[in-house]
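Every number in this text was worked out from the coordinates using simple rules, so none of it is lab data. No experiment lies behind these values; they were computed from the predicted model shown. As a convention, Cβ positions derive from the backbone with ideal geometry for all residues, glycine included, and neighbour counts pool all protein chains shown.
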């Protein structure tokens, strides 16, 4: 049958996320709607008849920056060019933008051949947080606008619609203020196993730990390896490193305040 490529609907994005769970990626339970809100036109699928056989996210945040993720071909359809077809569709859609992705070590050489260059490495830390500690300066996010200035220092492009969905329940979103100024924010989202914390953006280690210790339970967080003191603190809490990726860019790397990034938002959308 003829292969067709088209934009995915919300239920089809949910199917692609289920595939990610099957690959062991442990996505969030409620990711699809927030992901689609980032760019409703940025999810592509290869279909044989009515059957989805491969998919990818290629989110255009603005006319200068996009991000590739959720690049999966269903196991029963591999080796037939369907994965390359959605890759080509996503890359064509993003065009001349700087494009980011998070690559596992096994795929980085392939991405390098397509022009992607490693900017920094991340390590997933997993562990169990005890009951939350009370921090008077930490509270729930009440208005997305209050965290946008800090978000723009840590992310390459505006993403207000994504953030609006990302901070909504059942995700738990927190902000930390000092002297009336936002110095950190974080989101915990329920996943197939435990919860993931991301983003965790903070002015310093003290602020990062105040936000982190306001959550509890089994959690996972993707931490830039340059955050050595934070990683050592997590290790001291009994967390274990389990999964390494590299943030890679094709095109001019964005200018970010990396010392503020204690946990990336997600490996799927950046």
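Just to verify a number: FRET efficiency for residue 48 and residue 139, C-beta to C-beta distance, R0 = 45 Å, to 0.05?
0.35
Sticking with the crude label model, points 7 Å out along Cα→Cβ, report the distance from residue 29 to residue 107 in nm, one decimal please.
With each label placed 7 Å out from Cα toward Cβ, I get 2.6 nm.
Taking 0.36 nm per residue of separation and subtracting the Cα-Cα distance, what length does fully extending residue 153 through residue 243 add?
29.8 nm
Before anything else, pin down the relative contact order of the chain: Cα pairs under 8 Å, at least 6 apart, normalised by residue count, whole percent.
Worked out over the chain, it gives 24 percent.
For the range 122-263, report the translational diffusion coefficient in µm²/s to the nearest whole number, using Stokes-Einstein at 37 °C, 0.692 mPa s, and a Kirkwood Rh over Cα pairs. All intermediate terms of the calculation are to be shown ahead of the outcome.
Details: Rh = 15.4 Å.
After rounding, the answer is 214 µm²/s.
Assuming a ≥ b ≥ c are the square roots of the Cα gyration tensor eigenvalues, decide whether the chain counts as rounded (a/c under 1.5), prolate (otherwise, with a/b larger than b/c) or oblate.
Cα axes put the chain in the prolate bin.
For labels at residue 206 and residue 119 in the simple 7 Å Cα→Cβ model, what's the distance in nm?
If labels sit at residue 206 and residue 119, their model points lie 2.9 nm apart.
Compute the distance from the alpha-carbon center of the range 175-199 to that of the range 21-50, in whole Å.
23
What does the C-alpha gyration tensor say about the overall shape of the range 3-118? Classify as rounded when a/c is under 1.5, otherwise prolate if a/b is larger than b/c, or oblate. Don't skip to the answer; put the middle values down first.
Numbers: a/c = 1.31, a/b = 1.16, b/c = 1.13.
Cα axes put the range 3-118 in the rounded bin.
Describe numerically, in nm with one decimal, the distance between label points set 7 Å from Cα along Cα→Cβ at residue 193 and at residue 218.
That separation, rounded to one decimal, is 0.7 nm.
Kindly identify the range 52-101 as rounded, prolate or oblate by the Cα gyration tensor criterion: order the square roots of the eigenvalues as a ≥ b ≥ c, call it rounded if a/c is under 1.5, otherwise compare a/b with b/c, prolate if a/b is larger, else oblate.
Here the range 52-101 falls in the prolate category.
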